[in-house]
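Nothing in this text is a laboratory measurement; each read-out follows from the coordinates by a stated rule. Quick caveat, the model's predicted, so the values are computed rather than measured. Positions of Cβ are generated from backbone atoms using ideal geometry, with glycine treated the same way; all protein chains shown enter the neighbour counts.
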Amino acid sequence: MTRKDRFGLSAALTTPFDAEGRIDLARLVAHARRCLDRGCDSITLFGTTGEGASIAPEERIAVFDALIAGGVAPKRLVVAVAETAVGTAIARARTALEADVRAVLLLPPFYFKNPSDTGVFDWYAAIFAGLGPTARDVLLYHIPSVTEVPLSLPLVRRLADAFPGVVRGVKDSGCDWPATEKLVAARGELEILVGDERDLARAVRAGGAGAISGMGNVCPERIRRLAVDGIDDPAVADLVDAVVKVPVTPAVKALVAHVTGDAGWARTRAPLEATPAGAAAVLAEVHDRVFPDTRPGRS
């Protein structure tokens, strides 16, 4: 894979809510365009950072339509699908793929704990069969801290070998460098995208293809250097160290609120809660210390 062909950087787009708890479409579109303008190759919708499990089907359609109307091309969108029923996962993935999105980020069947690799393989295989000729560009999502369904290296290789042209790659959010290193080494034609920004640059230097990054919402120019150029950035690592000390999704939103000067970004949807003021202040202090050239409100 050439440097030009690599996946690059996708912002794991966080989802803004208004005071009534509705998705703020205008704010979302403006933020998506800002991330793209500042170095992201694409944006990923409805993932972990985007609170996708809290967003209803009709809201997903409204978000997609608003982005297209706002000038964001479908080929710059990755759509996450988090469903346990095969039929529902097929419907969600087909809708996205037929809209010509760049890729689908497909979580494993997270409700069923400790399934065998064979069971998970059969689940993915049933989805790919149901998608038929529309099946393409699927990114397997390894995030065991959330799903409790890890995607082992043998399972990933089995899926890739059985479904060439369908399984495009893996988003590895396992936050386990030895496992990431093995996955990158055994990637073959797969694109390996690393979720932990602290491991991102060395993964790219070893052959990783980029990242779907929550911190891409906050400092996309700096994350791009890791995801595309493979250049380490101690300031990013320091900020991520601070973020992971508190619930991550609200923490990312607190940082977006800080750098944009827009306090509304801090809102979350139940069951998540906004980062408490004291913790948000600590995150803001770390951000301003490690990125002294960034002025809040000018992101």
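Counting chymotrypsin sites (Phe, Trp or Tyr not before Pro) as exposed when in a DSSP loop with at most 16 other beta carbons within 10 Å, what is the longest stretch of the chain free of them?
In the chain, the maximal stretch lacking such sites is 113-299.
Check Phe17: other-chain or 5+ apart residues with amide H under 5 Å from its amide H, H built from backbone geometry?
Result for Phe17 returns Asp24, Arg267.
Whole-Hz ³J(HN,Hα) for each residue in the stretch 43-53, computed from phi via Karplus 6.51 cos²θ - 1.76 cosθ + 1.60 with θ = phi - 60°, x for glycine and proline: what do you get?
Going residue by residue, I get 10, 10, 9, 6, x, 4, 5, x, 6, x, 5 Hz, with x marking Gly and Pro.
Using Cα-only point scatterers and the Debye equation, what is log10 of I(q)/I(0) for the stretch 202-257 at each q in 0.29 Å⁻¹, rounded to two decimals?
Results for the stretch 202-257 at q = 0.29 Å⁻¹ read -1.20.
Please report, ordered by residue number, every helix of the chain (full DSSP H runs) that is 30 Å or longer along its axis going by C-alpha atoms and whose mean Kyte-Doolittle hydropathy reaches -0.5.
none
Let me make sure I get this right: for the stretch 3-153, a, b and c are the square roots of the gyration tensor eigenvalues over alpha carbons, sorted descending. Under 1.5 in a/c it's rounded, otherwise prolate if a/b > b/c, else oblate. Which is it?
Prolate.
Taking a cut-off of 30 Å, what percent of all Cα-Cα pairs in the chain are separated by more than that?
26 percent
Rounded to the nearest 5, what % of DSSP beta bridges with both residues in the stretch 8-232 are antiparallel?
Here the share of antiparallel DSSP bridges comes out near 5 percent.
Give Lys113/Lys171; Lys75/Lys245; Lys113/Lys182 a once-over and call out the pairs whose C-alpha atoms are over 26 Å from each other.
Violating the 26 Å limit, Cα to Cα: Lys75/Lys245.
Taking the Cα centre of the chain as origin and charging only Cβ (+1 Lys, Arg; -1 Asp, Glu), how large is the dipole, in debye to the nearest 20?
It comes to approximately 500 debye.
Output wanted: per-residue J couplings in Hz (rounded whole) for the stretch 13-21, from phi through Karplus 6.51 cos²θ - 1.76 cosθ + 1.60, θ = phi - 60°, x for Gly and Pro.
4, 7, 10, x, 10, 7, 5, 9, x
Give me the Debye-computed log₁₀ of I(q)/I(0) at q = 0.18, 0.19, 0.23 Å⁻¹ for the stretch 146-229, equal point scatterers on Cα only, no solvent, two decimals.
-0.73, -0.80, -1.09
Of all the stretches in the chain, which is the longest one without any exposed loop site, taking trypsin sites (Lys or Arg not before Pro) in a DSSP loop (any state but H, G, I, E, B) with at most 13 other Cβ atoms within 10 Å?
114-244
Going by amide H atoms built from the backbone, whose H comes under 5 Å of the H on Val170, apart from near neighbours?
The list, which skips near neighbours in sequence, is Leu140, Glu191, Ile192, Leu193.
Could you tell me how far the Cα centroid of the stretch 122-145 sits from the Cα centroid of the stretch 1-66, in Å?
Answer, in whole Å: 21.
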